[in-house]
Amino acid sequence: MTDTAETPPSSGVDPRLLEILICPLTRMPLVYDRAANELISPKARLAYPIRGGIPIMLEEEARDMDALPDLSGNSEEPGGGESK
């Protein structure tokens with residue numbers, strides 16, 4: 001009774017669901033990032049996680065794309081954050 005056409009891919013979410021989901025903040029379409037297993041809202045600059053094939057469409061669960069980690073290896077924030 002298993003139909004592979006009806007089964008969502010193991011690495012993500014059902015493609016039919018991707019066609020109808022929109023960002024809850026901007027009401028704009030989302031972009032699926034397969035590598036990060038996230039739905040990206042370019043306008044809101046948020047990345048909504050997908051857990052177990054289920055998109056978590058809550059703003060508080062979304063990753064702020066403007067707060068990307070510093071790839072230079074310097075953990076100090078720009079603007080001269082205070083040292084403790």
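Taken together, the values in this text are just the output of simple stated rules run on the coordinates, not laboratory data. Quick caveat: nothing in here was measured; it's all calculated off a predicted structure. Glycine gets a Cβ as well: all are built from the backbone with ideal geometry, and neighbour counts include every protein chain shown.
Coupling constants for the range 37-52 follow from the phi torsions by the Karplus curve (6.51 cos²θ - 1.76 cosθ + 1.60, θ = phi - 60°), and in residue order they are 6, 9, 9, 9, 9, x, 5, 7, 6, 10, 10, 8, x, 10, 10, x Hz; glycine and proline get x. Proximity of backbone amide H atoms, modeled 1.01 Å from N, is registered between Leu46 and Ser41, Met65 at under 5 Å, excluding neighbours fewer than 5 places apart on the same chain. Note on the range 21-64: Kirkwood hydrodynamic radius from all Cα pairs is 10.0 Å, rounded to one decimal.
Spin-label model, Leu17/Ile54: points 7 Å from Cα along the beta carbon direction are separated by 0.9 nm.
Proximity of backbone amide H atoms, modeled 1.01 Å from N, is registered between Tyr32 and Ile40 at under 5 Å, excluding neighbours fewer than 5 places apart on the same chain.
Each label point was placed 7 Å from the Cα along the Cα-to-Cβ direction; for Asp64 and Arg27 their separation is 2.5 nm. Whole-Hz Karplus values for the range 23-31 come out as 5, x, 8, 9, 6, 9, x, 9, 10 Hz, taken residue by residue from phi with 6.51 cos²θ - 1.76 cosθ + 1.60 and θ = phi - 60°; glycine and proline positions read x.
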